[in-house]
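Report on the structure given below.
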Amino acid sequence: MRFTVAIDGPAAAGKGTISKGIAERFGFSHLDTGLLYRAVGRRTLDGTPAAEAAKALKAEELEQGDLRTAEIAQAASKVAVIPEVRSALVDFQRAFACRAGGAVLDGRDIGTVICPKAEVKLFVTASAKVRAERRFLELKAKGADVTRDQVLTDVKERDARDAQRSTAPMKPAKDASMLDTSSLSIEEALAQAVAIVERKLPTVR
């Protein structure tokens with residue numbers, strides 16, 4: 001069975017947690033496509049040109065433990081606006097989406113560009129203030145020296161870059177189900193997402 005779940009949304013909306021939960025619930029493979037851009041961003045911090053880093057990206061680079069830092073998140077957002085980078089990473093993502101047994105991909109252009117024919121499309125969002133607070137607490141737990149105002153600014157700047165880039169801007173697919181997690185617990189958000197997937201699954205069984 002091939003069944004693709006495309007999940008998009010801005011940073012810290014909860015799409016990663018929801019994607020992992022759906023993959024576990026239904027036994028699907030999961031790909032956090034943001035790691036592709038983080039891995040490329042990490043290489044640029046070492047001086048490698050972004051397009052070159054994207055073309056040479058290896059799957060094992062996604063396993064590096066330092067890809068979740070604030071510095072690399074910003075680098076990822078910057079390389080993600082480069083058309084050559086996005087083009088180089090399309091084939092990797094589409095091949096993953098076609099895996100037998102089902103696949104969940106989360107990112108910012110999965111339902112609109114990477115998998116426009118996905119059986120399920122979700123756009124997970126939350127207010128910038130709520131997302132900034134989530135990211136702030138996550139970074140502080142890791143020992144990062146950040147302030148709430150700084151994280152909120154970073155979130156808003158990243159949102160603007162993602163939504164305004166000329167290639168594959170972040171936006172909901174026309175047929176995507178919207179899920180606002182601002183006032184939802186992780187369990188509530190996941191339950192709603194699972195229900196959406198379950199409504200579609202019988203059509204491919």
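The values are calculated or read from the model by the stated rules, or taken from the named source; none is laboratory data. Not measured: the values here are computed from a predicted model. Counting neighbours? That spans all protein chains shown, and the Cβs are built from the backbone with ideal geometry, glycine included. Side chains included, ligands, DNA and RNA excluded: accessible areas come from the protein's heavy atoms. Shrake-Rupley method; radii C 1.70, N 1.55, O 1.52, S 1.80 Å.
Let's see how each residue does on (1) under 18 Å from the mean Cα position of the chain (by Cα); (2) crowded, with 18+ Cβ neighbours inside 10 Å; (3) assigned to a helix (DSSP H, G or I):
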position: VAL146; (1), (2), (3): no, no, no
position: GLN150; (1), (2), (3): no, no, yes
position: THR153; (1), (2), (3): no, no, yes
position: ALA163; (1), (2), (3): yes, no, yes
position: PRO169; (1), (2), (3): yes, no, no
position: GLU188; (1), (2), (3): no, no, yes
position: VAL194; (1), (2), (3): yes, no, yes
position: LYS200; (1), (2), (3): no, no, yes
Considering only residues that are out of contact with any strand residue (DSSP E or B) (no Cβ under 8 Å at 6 or more places or on another chain) and modelled with pLDDT of 95 or more, look in region 1-23 and name the one that is surrounded by the fewest Cβ atoms within 10 Å (Cβ to Cβ).
THR17
Where residues in region 45-83 are β-branched (Val, Ile, Thr) and open to solvent by 40 Å² or more (accessible area, probe 1.4 Å), which of them is farthest from ARG165 (Cα to Cα)?
THR69
What number of residues within region 36-68 satisfy the criterion of being within 17 Å of ILE82 (Cβ to Cβ) and of a type in the set (S, T, N, Q)?
2
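Residues are listed down the side, and each one gets a yes or a no for (1) assigned to a loop (DSSP other than H, G, I, E, B); (2) more than 21 Å from LEU137 (Cα to Cα):
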position: LYS20; (1), (2): no, no
position: THR44; (1), (2): no, yes
position: GLY65; (1), (2): yes, no
position: GLN74; (1), (2): no, no
position: SER77; (1), (2): no, no
position: VAL85; (1), (2): no, yes
position: ALA88; (1), (2): no, yes
State which residue pairs qualify: first residue closer than 12 Å to ALA53 by Cβ and inside region 71-87, second residue buried (at least 19 other Cβ atoms within 10 Å of the Cβ) and of a type in the set (Lys, Arg) in any location, beta carbons under 7 Å apart, and separation of 6 or more residues or different chains.
ALA75/ARG42; ALA76/ARG38
